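The values are calculated or read from the model by the stated rules, or taken from the named source; none is laboratory data. What you see is a predicted model, and the numbers here were worked out from it, not measured in a lab. Using ideal geometry, Cβ is built from the backbone for each residue, glycine included, and neighbour counts are taken over all protein chains shown. These area figures cover heavy atoms from the full protein model, side chains too; ligands, DNA and RNA do not enter into them. Shrake-Rupley method; radii C 1.70, N 1.55, O 1.52, S 1.80 Å.
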Amino acid sequence: MKNYLSSSQMTLRMFAADLLVLSSILSAAWCLSVLNVSVPKTLNSTSGSCLLIPCLFNISKEKQNILDSSPEVTWRRGSLWSLYDTDGFTIAHRQKEPVMEVVGDLRKKNCTSVMRNLTSLHSDRYYFRIQAVNFSVTGTTAVHINVSESVAEPNVTVPVLREGEEVNLTCTVPAPCPSHPPNVTWAPALGGEVTQRTHLNADGTQSVSAILNFVPSVHHHELKVNCVSVLPLHREDRPLLSHKVVILNVEYPPKETWISLTGLVWLGDNVTLTCQSKANPPAVHRWFMKRAGVEEELSISRVLSFTAAHENTGEYICEAQNLYGAMNSTNLQITVLGISFTAFLSILAALSLIFALAIAIVMIYRRYKEPIRSETNQDQNIYANMSASAVKSEQLQSKPCEDKNTCTINPVYAFKHDLPDENIYANC
């Protein structure tokens, strides 16, 4: 008996569920046949701002006359769907609903509305509803509304940038609240002109774009440009900012093409020449050698390597080329010296040895000659002193001497003239 009752209960429950599903399907089908609403699937806004909900609808011909009687129009929240039209729907629930204003012309079947003073608590699914005397119907198509504390990042469109060709950089941000649109600009302006425009999108929403018109140059390549959006809010906080940085990629022909080479070139050296150039997209490099007035193409590569031989003497030229042009480097004259660097070092070492030996011989010679010069100088000094003394003695000898006792004897003079002592004083 218990099993039979359980089976009966299960059957009743299944029947009730099927009936509820069938009722929902029939109700939805009836609503759809009476009221068909067209709204965007998702709309985003910011806390403290407002939100425009584009809305169009169709109503059955039998009910179109109610549009002339100024029916009541509202939007119902999906999270409170089961509470509407019941005693469970309280004032607290009513306060959770946003301030809503229908700005569309209902007689033209335009149900466009504006939600004001939004907060993050207002994020929900919303359904459009028309209510008149002895008639009410709610649309089955919902619009999902997201309310956040921040603003979306701008959407930036950058075309191909070529040097010297005028272009537009476009920065676009949503304008969910048309009465308080964001202010969008570019920084830096790159010497161009910034224009701000408001657009009506296909789904009825609006957006604001800042268009930067300028002429790119090679100096703009890899430059960072910032799109900034400032959104005014109905709250005490500062305006919300959003931005997006773009790194410019400017295409231009080769510039500043040159050849790099380090050191002299000796016979037998491994030589590496590198062609340097600035170009975007990167350039293709070709090597040429000019000798005796004849120019010859060597290879297609950025680096040219060879072992130095006499036939490598000549003028080397590098050509850089991309889609936008070509540029040649200045001619680099390479003269391969007649000997190898190893042989040059050997000769240099031999010359250094000879020079060192010559210096050593000169030092030894100078050291040997120094004593002889010293002795000769001493003899010359002695002789000079003796000569001076003899001259002085002769001067004294020729001078009369009045007093023998006061005369000065000059032994040198006596010795030189071989005179007896008494003759020394003959004149005294």
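If the convex hull of the alpha-carbon atoms of region 210-277 is projected onto planes in all directions, what is the mean projected area in square nanometres?
For region 210-277, averaging the hull's shadow over all directions gives 8.6 nm².
Mind checking Rg over Rh on region 104-203, alpha carbons, Kirkwood formula for Rh?
Details: Rg = 20.0 Å, Rh = 17.9 Å.
Value, to two decimals: 1.12.
Among 140-149, 172-181, 359-368, how do they line up by average Cβ neighbours within 10 Å per residue, starting with the highest?
On the way: 140-149: 17.1, 172-181: 20.3, 359-368: 9.6.
Top of the packing list down: 172-181, 140-149, 359-368.
Tell me, what is the 1.4 Å probe accessible area of ILE247, in Å² to the nearest 10?
Taking all protein chains as shown, ILE247 has close to 110 Å².
Would you calculate the convex hull of the Cα atoms in region 49-96 and tell me its volume per residue in Å³?
In region 49-96, the Cα hull volume divided by residue count equals 152 Å³.
Hey, can you grab everything whose amide H is under 5 Å from the amide H of ASN249? Only 5+ residues off in sequence or another chain; H modelled, so Pro and N-termini drop out.
GLU222
Return, for the Cα atoms of region 47-169, the radius of gyration and Dmax in Å, separated by a comma.
Here Rg and the maximum Cα pair distance are 19.8, 72 Å.
Which ³J(HN,Hα) values in Hz, rounded to whole numbers, follow from the phi angles of region 159-173 under the Karplus curve 6.51 cos²θ - 1.76 cosθ + 1.60, where θ = phi - 60° and Gly and Pro get x?
x, 5, 9, 10, 4, x, 9, 5, 9, 10, 9, 10, 10, 10, 10
If amide hydrogens are placed 1.01 Å from N in the peptide plane, which non-local residues have theirs closer than 5 Å to the one on ILE53?
The answer is SER113, VAL114, MET115.
Kirkwood Rh over alpha-carbon pairs of region 219-318, then Stokes-Einstein at 4 °C and 1.567 mPa s: what D in µm² s⁻¹, rounded to an integer? Kindly include the intermediate steps, with their values, before the conclusion.
Numbers: Rh = 17.9 Å.
Answer from the Stokes-Einstein relation: 72 µm²/s.
Per residue and in Å³, how big is the convex hull formed by the alpha-carbon atoms of region 152-195?
Working: hull volume 3.9 nm³, N = 44.
For region 152-195, the hull spanned by Cα atoms encloses 90 Å³ per residue.
Tell me the net charge near LEU190. Cut-off is 15 Å between Cβ atoms, LEU190 excluded, with +1 for each Lys or Arg and -1 for each Asp or Glu. Provide the component values of the computation, followed by the final result.
Numbers: positive: ARG162, LYS224; negative: GLU163, GLU165, GLU166, GLU193, GLU222.
Combined, the nearby Lys, Arg, Asp and Glu give -3.
For each pair in LYS255/LYS290; LYS41/LYS61; LYS96/LYS244; LYS41/LYS108, compute the distance between the two Cα atoms and list the pairs where it is over 28 Å.
Beyond 28 Å: LYS96/LYS244.
So, how do all the Cα-to-Cα distances of region 146-256 break down into 5 Å bins, in percent, from 0 on up?
Using 5 Å bins, I get a P(r) of 2, 12, 21, 21, 15, 12, 8, 5, 3, 1, 0, 0 for region 146-256.
Determine the sum of side-chain charges near LYS41: Lys and Arg each +1, Asp and Glu each -1, restricted to other residues whose C-beta is under 13 angstrom from that of LYS41. Each step should come with its number before you reach the end.
Details: positive: ARG125; negative: ASP203.
Combined, the nearby Lys, Arg, Asp and Glu give 0.
Please list the non-local residues whose amide H lies under 5 Å from the amide H of THR141, H modeled 1.01 Å from N, same-chain partners needing a gap of 5 or more.
Distant-sequence amide H within range of THR141: VAL37.
Which whole number of Å³ per residue matches the convex hull of the alpha-carbon atoms in region 94-138? List each step's numbers first, then the result.
Values: hull volume 4.2 nm³, N = 45.
Value for region 94-138: 94 Å³ per residue.
Under a Cβ-Cβ cut-off of 14 Å, what is the net charge of the residues other than VAL167 that fall near it, where Lys and Arg count +1 and Asp and Glu count -1?
Result for the local shell: -4.
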